[in-house]
Amino acid sequence: MAFASGSGQYLYDEAGQKWLDAGISNALVGHGNAQVTEAVARQLALIDTTAGHAHALIERYRGRLLSLFPPPLTVCYFLPSRSEATEMALRLARAHRPGKDVIVLPGADYGITTSLTNMSPLRFQARGGSQKHWVHVASRLDAGDVELTAANIQASGRGLCGFFAEGVFEPGYLGQAYAEVRKGGGLCVSVESQTGMGRVGKAMWEFARHTVSPDIVVIGESIANGFPMAAVVTTPALAAPFGPLFDHRSLTGSPVACAAALAVLGVLEQDYLADHAMQTGKNMRDALRALSLPVRGSGLCLEIDVQSGRDVINRLRENQILLSARGDTLLFRPPLTFTNEDASTFVEVLQRCL
């Protein structure tokens, strides 16, 4: 499907028909956001003649982003895509653990590189490929299964390098899972490709909502409202052995992308936005639970369990509502401009589709 333009939470096709983006894009602060587009245009006009300004802008953004993390998460690398960022996280984890095995979650898609395709259940199951011996899939609902998986890896003598947590979770899950992974010798990687940057409400990150701290954080393209940019945040201890190869000054990122990302932070720092996300999300959860649907998450980042997820997605699309799914779980992750009126429309149409 081709779209000609977008505004806020809406996309418009070539015939002018309006579609509601309920979770198919990285337009965190809305399609066509004026502050983001103006920042990109301004930086593009400067990029060839003001190298000093560009460097200062990148370092200013690095400092602003790191201020959103608890210590010791004080080292930040910028990369062009989520796949490259997750690949870097995998490399960091494997460099610090004797084992190479990873624990992943059902239906997850970690990226498109060879390694990430092999550890993404969504991808290796879709192509009918076999699961690699170093990949272990654990429940995203039962932290006890993560504990059992970590213990089995340790008992096998292969060694666990990391647990890659992606999505939103029930209270208590991450705390227990992180503790057991660390007990088993692994690192905890929080993949915040769509859950982060305030989409879960007042907490900027899903891990922060659970009051736990990972060893490595991956942030996807929502960081710059869909502009090609991603980030990895980690600790000095994990970053140190790589020296110049992964030196943060050599992985500086694009000044244009950093300009877009700074504009996104400027929008997010408007206090009303977190309140709006929390209230709209609460209204959504209450309405969905009234339909007896299992719902997880917070703010405008919800996971809704249904029967025949693909059929529901197709029926929503027939009603000009765009959403993605992980198996039979609908992934509601719209732009933060999503309104209570949009939420009412979504729930009403979803009820018909079910």
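The values are calculated or read from the model by the stated rules, or taken from the named source; none is laboratory data. Worth saying up front: this structure is predicted, and the values here are computed from it rather than measured. All Cβ positions, even for glycine, are placed from backbone atoms using ideal geometry, and neighbour counts span all protein chains on display. The area values use the complete protein model at the heavy-atom level, side chains included, leaving out ligands, DNA and RNA. Shrake-Rupley method; radii C 1.70, N 1.55, O 1.52, S 1.80 Å.
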Complete set of residues in segment 269-325 that are touching a residue at least 40 places away in the same chain (Cβ under 8 Å), out of contact with any Phe, Trp or Tyr (no Cβ under 9 Å at 6 or more places or on another chain) and at positive phi: G299
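Restricting segment 213-244 to residues that are assigned to a helix (DSSP H, G or I) and in contact with a Lys or Arg (Cβ under 9 Å, 6 or more places away or on another chain), which is farthest from I24 (Cα to Cα)?
Kept after step one, since they are assigned to a helix (DSSP H, G or I), are these residues of segment 213-244: 221-224, 236-244.
From what is left, the residues that are in contact with a Lys or Arg (Cβ under 9 Å, 6 or more places away or on another chain) are 221-222, 242.
On the way: E221: 12, S222: 11, F242: 35 Å.
So the residue we want is F242.
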- request: Determine whether segment 304-311 contains at least one residue that is part of a helix (DSSP H, G or I) and either farther than 23 Å from D109 by Cβ or touching a Leu at 6+ places or on another chain (Cβ under 9 Å) (or both).
  value: yes
task: Kindly indicate whether G52 is of a type outside the set (D, E), open to solvent by less than 60 Å² (accessible area, probe 1.4 Å) and under 19 Å from R317 (Cα atoms).
output: no
- prompt: Among the listed residues T37, T86, T74, which satisfies the condition of being among the β-branched types (V, I, T) and without any contact (Cβ under 8 Å) to a residue 24 or more places away in the chain?
  reply: T37
message: Residues that are buried (at least 17 other Cβ atoms within 10 Å of the Cβ) and farther than 26 Å from R123 by Cα: does segment 315-335 have at least one?
response: no
- prompt: If you check S130 against the conditions, is it out of contact with any strand residue (DSSP E or B) (no Cβ under 9 Å at 6 or more places or on another chain), free of Cβ contacts under 8 Å to residues at least 60 places away in the same chain, more than 23 Å from L331 (Cα to Cα) and not β-branched (V, I, T)?
  reply: yes
task: Would you check if there is a residue in segment 55-70 being assigned to a loop (DSSP other than H, G, I, E, B), under 28 Å from E303 (Cα atoms) and touching a Ser or Thr at 6+ places or on another chain (Cβ under 9 Å)?
output: yes
query: For segment 153-170, how many residues meet the condition of being part of a helix (DSSP H, G or I) and surrounded by 15 or more Cβ atoms within 10 Å (Cβ to Cβ)?
result: 2
statement: Expected single match for part of a helix (DSSP H, G or I), in contact (Cβ under 8 Å) with a residue 24 or more places away in the chain and on the phi < 0 side of the Ramachandran plot among R91, R42 is R42
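In segment 87-105, what residues are touching a Lys or Arg at 6+ places or on another chain (Cβ under 6 Å) and either under 21 Å from R140 (Cα atoms) or of a type in the set (D, E, K, R) (or both)?
R94, K100, D101, L105, listed by residue number.
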task: Within segment 1-39, track down each residue that is at positive phi and part of a strand (DSSP E or B).
output: G8
query: Does segment 127-143 contain at least one residue that is under 14 Å from L90 (Cβ atoms), open to solvent by 30 Å² or more (accessible area, probe 1.4 Å), in contact with a Phe, Trp or Tyr (Cβ under 9 Å, 6 or more places away or on another chain) and not in a helix (DSSP H, G or I)?
result: yes
field: Any chance T195 is open to solvent by 30 Å² or more (accessible area, probe 1.4 Å) and not charged (D, E, K, R)
entry: no
message: Considering only residues that are open to solvent by 10 Å² or more (accessible area, probe 1.4 Å), under 19 Å from P171 (Cβ atoms) and assigned to a helix (DSSP H, G or I), which ones fall in segment 256-300?
response: M278, K282, R285, D286, R289
Residue list for segment 90-123, filter: open to solvent by 30 Å² or more (accessible area, probe 1.4 Å), over 16 Å from the mean Cα position of the chain (by Cα) and among the hydrophobic types (A, V, I, L, M, F, W, C): A95
task: May I ask you to list the residues in segment 171-198 that are over 17 Å from the mean Cα position of the chain (by Cα) and assigned to a loop (DSSP other than H, G, I, E, B)?
output: P171, G172, G184, G185, G186
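Hey, does segment 200-210 have a residue that's modelled with pLDDT of 95 or more and assigned to a loop (DSSP other than H, G, I, E, B)? Even if it seems obvious, please write down each step before you answer.
In the first step, residues of segment 200-210 are kept if they are modelled with pLDDT of 95 or more; the result is 205-210.
Subset that is assigned to a loop (DSSP other than H, G, I, E, B): 205, 210.
Among the residues of segment 200-210, at least one is modelled with pLDDT of 95 or more and assigned to a loop (DSSP other than H, G, I, E, B), which makes the answer yes.
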- request: Could you identify the single residue in L66, L90, L105 that is farther than 30 Å from G309 by Cβ and hydrophobic (A, V, I, L, M, F, W, C)?
  value: L66
query: In this structure, is S308 open to solvent by 20 Å² or more (accessible area, probe 1.4 Å) and touching a Gly at 6+ places or on another chain (Cβ under 7 Å)?
result: no
